[in-house]
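Below: one structure, written as structure tokens.
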Amino acid sequence: MQKIGNIGVLTSGGDAPGMNAAIRAVVRAAIYHQCRIFGIRCGYKGLIEDQIEEMFSPSVSNVIQTGGTLLKSARCPEFRQKEGRHKAWENLKKHGIEGLVAIGGDGTFRGAQELSQEYGMPVIGIPATIDNDISGTEYTIGYDTALNTIVEAVDKIRDTASAHNRLFFIEVMGRDAGFLTLRGGIASGAEAVMIPELQNDEEKLRNFLESSYKKAKTSSIVLVAEGDEVGGALRLAEKVQKEYPEYDVRVTILGHIQRGGSPSAFDRVSASRMGVSAVEALLRGEKNVMVGLINGQIALTPLLKSVKEKKQLNRQLLELLDILSI
Ligand code: F6P
């Protein structure tokens, strides 16, 4: 193991359940390996504004079960400019920080990569976003919890759908990726999904609506990814209601409830593994890599690759949905 004096940790971008478990693991692993650990509040914004404070083991007591992020998060346009990154670098130097752990999504990693390229600061990324849209890891922190939230919500909506013979369009988050929608659709028994990765999903939906009407299917649930080209659940529902007046259509937008809440056991364990591995990677002299989970094992991927490569959907899951929604 290499001697790294001080390590910094921040969370950036959209919060995700399990971020606190990851911060806890980073803090405790750093102290275990005799490093000092500094928490940077409000992501890159706090780095620029010098919102940096030393953390100790009790700083992360009683947080593993909490959602959100105790370090707070922000989206920071100033960090995209060279001057912003220079201020950030000055503050890192001021606190003697020799390695940084950045917890977040692709925007977080892009910023980390630039900082490291310009100033030689070793950075380790921990993927945390409910969207699961990061290459180099099968699961991002927060994805499993968000999926469980979606399933719980859809189960409740299904009660009304079934009692009133309605067709529900439920909008799911995921920016421009359909991971949450596809897996959420399978887990909640949705009749169809609309996702950006599918070219012919509108046509498939029409086929489904026509055949299910013929079969006198009484209620149906369609999950719509916010990033699908149909323009969201509201737009799609209006269109469908006009074309198929025989259906009684309703819409629910799940929104930010998908980002909150106590992390699942899976997210807590993944966050703990990734947090400890991130610190150990820094101490081994690794730089500019993301810690991920591949086949259940910790794996390192260059940060640049993880942001540049588009993560592919599991096609088998798509086929599964077609088989199960006949
Ligand atoms: O990246 C996480 C996410 O929740 C996306 O699914 C969503 O598109 C976006 O963030 C919403 O961002 P904000 O909370 O900044 O509106």
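What the table shows:
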read-out: Options 14, 39, 46, 8; residue that is within 16 Å of the ligand (Cβ to nearest atom) and either open to solvent by less than 20 Å² (accessible area, probe 1.4 Å) or touching a residue at least 60 places away in the same chain (Cβ under 8 Å) (or both); value: 14
read-out: Flag if residue 208 is out of contact with any Phe, Trp or Tyr (no Cβ under 9 Å at 6 or more places or on another chain), more than 16 Å from the ligand (Cβ to nearest atom) and within 20 Å of residue 255 (Cβ to Cβ); value: no
read-out: Where a residue in the stretch 180-207 is polar (S, T, N, Q) and its partner, wherever it lies, is open to solvent by 40 Å² or more (accessible area, probe 1.4 Å) and not in a helix (DSSP H, G or I), with Cβ under 6 Å and at least six apart; value: none
read-out: Residues that are open to solvent by 20 Å² or more (accessible area, probe 1.4 Å), more than 12 Å from the ligand (Cβ to nearest atom) and touching a strand residue (DSSP E or B) at 6+ places or on another chain (Cβ under 6 Å), drawn from the stretch 159-190; value: 166
read-out: Checklist (1) without any contact (Cβ under 8 Å) to a residue 60 or more places away in the chain; (2) more than 16 Å from the ligand (Cβ to nearest atom); (3) surrounded by 20 or more Cβ atoms within 10 Å (Cβ to Cβ) applied to residue 123, failing item; value: (1)
read-out: Checking residue 293 against (1) closer than 25 Å to residue 180 by Cβ; (2) open to solvent by less than 20 Å² (accessible area, probe 1.4 Å); (3) in the same structural domain as residue 194 (by TED's automatic domain parsing); (4) more than 16 Å from the ligand (Cβ to nearest atom), the condition it does not meet; value: (3)
read-out: Candidates 283, 236 - the one that is over 16 Å from the mean Cα position of the chain (by Cα) and either among the charged types (D, E, K, R) or over 27 Å from residue 162 (Cβ atoms) (or both); value: 283
read-out: Qualifying positions in the stretch 211-244 - more than 16 Å from the ligand (Cβ to nearest atom), of a type in the set (Asp, Glu) and not in a helix (DSSP H, G or I); value: none
read-out: Number of positions in the stretch 89-113 that are hydroxyl-bearing (Ser, Thr, Tyr) and either away from the ligand (no atom under 16 Å from the Cβ) or not assigned by TED's automatic domain parsing to the domain that holds residue 302 (or both); value: 0
read-out: Of all residues making up the stretch 245-265, the number that are surrounded by fewer than 17 Cβ atoms within 10 Å (Cβ to Cβ), in contact with a Ser or Thr (Cβ under 8 Å, 6 or more places away or on another chain) and outside any loop (DSSP other than H, G, I, E, B); value: 1
read-out: Residues (among the small types (Gly, Ala, Ser) and in a strand (DSSP E or B)) located in the stretch 140-193; value: 192
read-out: The stretch 129-158, residues that are within 16 Å of the ligand (Cβ to nearest atom), among the hydrophobic types (A, V, I, L, M, F, W, C) and crowded, with 22+ Cβ neighbours inside 10 Å; value: 130, 134, 141, 146, 147, 150
read-out: Only listed residue being under 27 Å from residue 304 (Cα atoms) and not small (Gly, Ala, Ser), chosen from 152, 171, 83; value: 83
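The values are calculated or read from the model by the stated rules, or taken from the named source; none is laboratory data. As the structure is a computational prediction, the values presented were derived from the model and not from experiment. Backbone-built Cβ (ideal geometry, glycine too); neighbour counts: all protein chains shown. When the accessible area is computed, the model is the full protein with side chains, heavy atoms only, and any ligands, DNA or RNA have been set aside. Shrake-Rupley method; radii C 1.70, N 1.55, O 1.52, S 1.80 Å.
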